[in-house]
Amino acid sequence: MTEGETARPVQGKPVVDAIRDAIVRGEFVPNQRLVEADLSARFAASRAAVRSALLELTNEGLVERVQNRGARVRAVSLAEAVEISEVRMMLEGLCAAKAAERVTATEIGELTAIGTHMRAAVSSGDVLGYSRLNQTLHRRIREISGQETASRVLERLRAQSVRHQFKLAMHPGRPAVSLPEHLAIIEAICAHDAEAAEQAARAHLRSVIAALREVDNAEGGVRHLP
């Protein structure tokens with residue numbers, strides 16, 4: 001991007017961030033065409049800024065270019081979502097271990113409070129609230145870990161698989177399964193037990209992978225019903 005393009009804000013943020021957020025929130029669905037003129041009007045940005053933003057999002061894996069058809073939101077297959085989760089398993093384990101080594105008393109209180117709110121959300125059936133707390137927990141662990149490179153990679157991977165993550169969050173019974181996994185991560189970090197924190201984070205991602213396959217199989221069965 002040129003200086004003039006990156007400086008062009010959309011509600012306080014560059015157009016690339018605004019488009020990325022719209023994809024992550026599901027406002028643009030997989031395989032949906034991204035027309036420069038429409039994006040320019042929607043985000044009050046120049047065509048050049050939109051074009052540069054789409055190029056950056058293509059490099060991130062959120063957008064793909066189709067010959068003679070322009071840009072569209074890239075669809076992520078189950079196989080790729082599983083691969084992403086396998087990479088996340090390694091990096092989230094690293095971040096959890098480092099967080100256990102670095103966590104302060106104040107941060108322990110914060111993580112404990114998140115765990116308490118997660119319990120309450122599951123008890124009350126607040127699926128969306130639990131999903132938001134889930135994201136907050138993972139983000140705070142990355143921040144506490146101080147692993148900036150791993151954090152950047154994880155944020156990009158999360159954005160690429162966001163549609164699969166949303167389906168998983170909405171799957172009946174999933175919050176009750178993932179809650180004790182998250183609480184185990186919190187407990188290990190707060191105890192400054194790096195090895196236990198890493199193992200708990202990896203166990204959680206193994207559970208995510210199994211659940212992704214389960215949800216996909218269930219949807220496949222529904223699709224093939226007469």
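The values are calculated or read from the model by the stated rules, or taken from the named source; none is laboratory data. Because the structure is predicted, anything quoted here is derived from the model rather than measured. FYI the Cβ positions are ideal-geometry reconstructions off the backbone, even for glycines, and counts take in every protein chain you see. For the accessible areas, the whole protein counts, side chains as well, though only heavy atoms, and no ligand, DNA or RNA atoms are used. Shrake-Rupley method; radii C 1.70, N 1.55, O 1.52, S 1.80 Å.
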What is the number of the single condition among (1) at pLDDT 95 or above; (2) loosely packed, with under 13 Cβ neighbours inside 10 Å that Gly125 does not meet? (1)
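Within segment 194-226, track down each residue that is among the acidic types (Asp, Glu) and either modelled with pLDDT under 95 or buried (at least 17 other Cβ atoms within 10 Å of the Cβ) (or both).
Filtering segment 194-226 down to residues among the acidic types (Asp, Glu) leaves 195, 198, 214, 216, 219.
Once the filter is applied, which keeps residues that are among the acidic types (Asp, Glu) and either modelled with pLDDT under 95 or buried (at least 17 other Cβ atoms within 10 Å of the Cβ) (or both), segment 194-226 yields Glu198, Glu214, Asp216, Glu219.
Confirm whether Ala45 is in contact (Cβ under 8 Å) with a residue 24 or more places away in the chain and either part of a helix (DSSP H, G or I) or not aliphatic (A, V, I, L, M) (or both). Full working, then the answer.
Numbers: in contact (Cβ under 8 Å) with a residue 24 or more places away in the chain: yes; either part of a helix (DSSP H, G or I) or not aliphatic (A, V, I, L, M) (or both): no.
When the stated conditions are applied, Ala45 does not pass them.
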With the requirement that a residue be outside any loop (DSSP other than H, G, I, E, B) and open to solvent by less than 40 Å² (accessible area, probe 1.4 Å), what does segment 96-106 give you? Ala96, Ala97, Ala99, Ala100
Residue satisfying condition, being under 25 Å from Val103 (Cβ atoms) and within 11 Å of the chain's Cα centre (by Cα), within set Arg163, Arg142, Arg132: Arg132
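I'm trying to understand the selection: among the residues of segment 137-160, which are among the β-branched types (Val, Ile, Thr) and open to solvent by less than 40 Å² (accessible area, probe 1.4 Å)? Outline the logic, then answer.
Taking segment 137-160 as the starting set, the residues that turn out to be among the β-branched types (Val, Ile, Thr) are 141, 144, 149, 153.
Answer for segment 137-160, where residues must be among the β-branched types (Val, Ile, Thr) and open to solvent by less than 40 Å² (accessible area, probe 1.4 Å): Ile141, Ile144.
Has segment 46-68 got any residue that is within 19 Å of Ala200 (Cα to Cα) and buried (at least 19 other Cβ atoms within 10 Å of the Cβ)? Working first, answer last.
Looking only at segment 46-68, we keep the residues that are within 19 Å of Ala200 (Cα to Cα), and these are none.
Scanning segment 46-68, I find no residue that is within 19 Å of Ala200 (Cα to Cα) and buried (at least 19 other Cβ atoms within 10 Å of the Cβ), so the answer is no.
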Go through segment 110-119 and give me each residue that's small (Gly, Ala, Ser) and under 13 Å from Ile144 (Cα atoms). none
